[in-house]
1. Taking amide H positions as placed in the peptide plane 1.01 Å from N, state which residues far from S16 in sequence (5 or more) or on other chains have amide H under 5 Å from it.
2. Hey, can you grab everything whose amide H is under 5 Å from the amide H of V10? Only 5+ residues off in sequence or another chain; H modelled, so Pro and N-termini drop out.
3. Given axes a ≥ b ≥ c from the Cα gyration tensor, I'd like to know whether the stretch 9-224 is rounded (a/c under 1.5), prolate (a/b larger than b/c) or oblate.
4. Which ³J(HN,Hα) values, rounded to whole Hz and listed in residue order, are derived for the stretch 142-156 from phi using the Karplus coefficients 6.51, -1.76 and 1.60 in 6.51 cos²θ - 1.76 cosθ + 1.60 with θ = phi - 60°, glycine and proline given as x?
5. Taking the Cα centre of the stretch 9-224 as origin, sum charge times position over the Cβ atoms of Lys and Arg (+1) and Asp and Glu (-1), and report the length of that vector in debye to the nearest 20.
6. Grab the other residues whose beta carbon is less than 14 angstrom from that of G32, score K and R as +1, D and E as -1, and report the net.
7. Considering only Q92, Q167, Q70, give the residue with the highest GNM mean-square fluctuation for the chain, with springs between Cα atoms whenever their separation is below 10 Å.
8. Relative contact order of the stretch 9-224: what whole-number percent is it, with Cα pairs under 8 angstrom and at least 6 residues apart?
Amino acid sequence: MIKNTSPPVVAIDGPSGSGKGTVSRRVADALGWHLLDSGALYRVLAWAGDAAGLSSDQPQKLQSLAGSLQVEFSRTAAGDERILLDGRDITQPLRAEECGNRASELAAIPQVREGLKILQRSFRRAPGLVADGRDMGTVIFPDAGLKIFLTASAGERVKRRYNQLKQKGLDATLPGLFRDIAARDERDQSRAVSPLKPAPEAVVLDTTGTGIEQVVEKVLVLARRRFGSTPGGS
Ligand code: C5P
């Protein structure tokens, strides 16, 4: 049997508002591993596509744009995450709901998903990677050593998203968010390529009514059981 020598991966998938962004960041920090926020890459593509005047019916152009994105993730001294495209800070526009909705529309285009594959896989570096998304365990890292699928009730996910946006000083209304999240869930689950669904071997965790700390703890227990005392970990 050929031994897999690639750095280990924890794949954390789930719908918007399931808590996967926060859980993934905390798990990556606790393990001392890299983090891939794949949703941010779809948002960057949506932003860059609009800036280049591309529409959804130009899949080939979107695919080559996806293949040429120079994206950097960094953190300020205060710990705030920043996303740079070609050295330009575009964090704020990426957070807006319109950008998320546009990303979700583009994410249904097979060429867009193909175009972002290499970039996503380039985040797999030693000592390990925590990958947050919709298809991390099913398509991008099918050999991930641990696959988690987070869920939560629609009502709870809308509330979490609302609080997150308000905290960041962005505009949102509960009925508007409910509509957006329902539409995105529907698109993500029903698209022909890489639909949002748990990998057969994924551990499904329902986070409704559960504190984020408890979910992080559960994932860390599973990660340590799977990978032993992790190479980068504290
Ligand atoms: O996670 P986030 O809301 O930032 O992602 C924006 C959109 O990108 C999602 O609604 C989803 O449609 C798409 N996406 C995806 N596959 C991923 C990550 C995000 O289709 N791995």
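1. Under 5 Å from the amide H of S16 lies no amide H from a residue far enough along the sequence or on another chain.
2. Close amide H contacts, sequence-distant or interchain: L129, V130, A131.
3. rounded
4. x, 9, 3, x, 9, 10, 10, 10, 9, 10, 6, 4, 4, x, 5
5. Working: 30 positive and 27 negative charges, 39 e Å.
So the magnitude is around 180 debye.
6. After counting each charged neighbour, the total is +3.
7. Residue with maximal mean-square fluctuation among Q92, Q167, Q70: Q167.
8. Once normalised by length, the contact order is 34 percent.
Just so you know, all these numbers are worked out from the coordinates, no wet-lab data involved. Since the model is a prediction, treat every value here as computed from it, not as a measurement. We place every Cβ from the backbone using ideal geometry, glycine too, and count neighbours over all the protein chains shown.
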